[in-house]
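Here the structure comes first, spelled out in structure tokens, and everything after it is commentary.
The values are calculated or read from the model by the stated rules, or taken from the named source; none is laboratory data. Remember, it's a predicted structure, so these values are computed and weren't measured experimentally. As a convention, Cβ positions derive from the backbone with ideal geometry for all residues, glycine included, and neighbour counts pool all protein chains shown. Heavy atoms of the whole protein, side chains included, go into the accessibility calculation; ligands, DNA and RNA do not. Shrake-Rupley method; radii C 1.70, N 1.55, O 1.52, S 1.80 Å.
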Amino acid sequence: MKRTRLFFSVLALLTGVGSAWALNAQPAADQIYHDWIDWNGQTILYSATQTQAQGFCSPSIDVCLRAKDNVLIYTSGYLPW
């Protein structure tokens, strides 16, 4: 009984540490090239990083451009035109 309880305790510890490590890993989205679209679905930029796309947006808290292949990657601001 004690070995079983110890086994599951160690297993829970390893699962918790592994989950914390996986959640804190930062994806390298700044170094990946995407095509960027606006809210109308028009492609604004081809093959640009997130940092390069952010340079086209004026400062604001709104979403400016979204990556065409992953809508969870976006820039903030608004297009000046």
* Asked: When residues of the range 34-58 are filtered for being open to solvent by less than 40 Å² (accessible area, probe 1.4 Å) and among the hydrophobic types (A, V, I, L, M, F, W, C), how many remain?
  -> 6
* Asked: What residue, among those in the range 1-31 that are open to solvent by less than 100 Å² (accessible area, probe 1.4 Å) and not small (Gly, Ala, Ser), is modelled with the highest pLDDT?
  -> Thr4
* Asked: Are there any pairs, at least 6 apart or on different chains, whose C-beta atoms fall under 6 Å, with the first in the range 59-81 and open to solvent by 100 Å² or more (accessible area, probe 1.4 Å) and the second among the small types (Gly, Ala, Ser), and if so, which?
  -> Pro59/Gly77; Tyr78/Ser58; Tyr78/Ser60
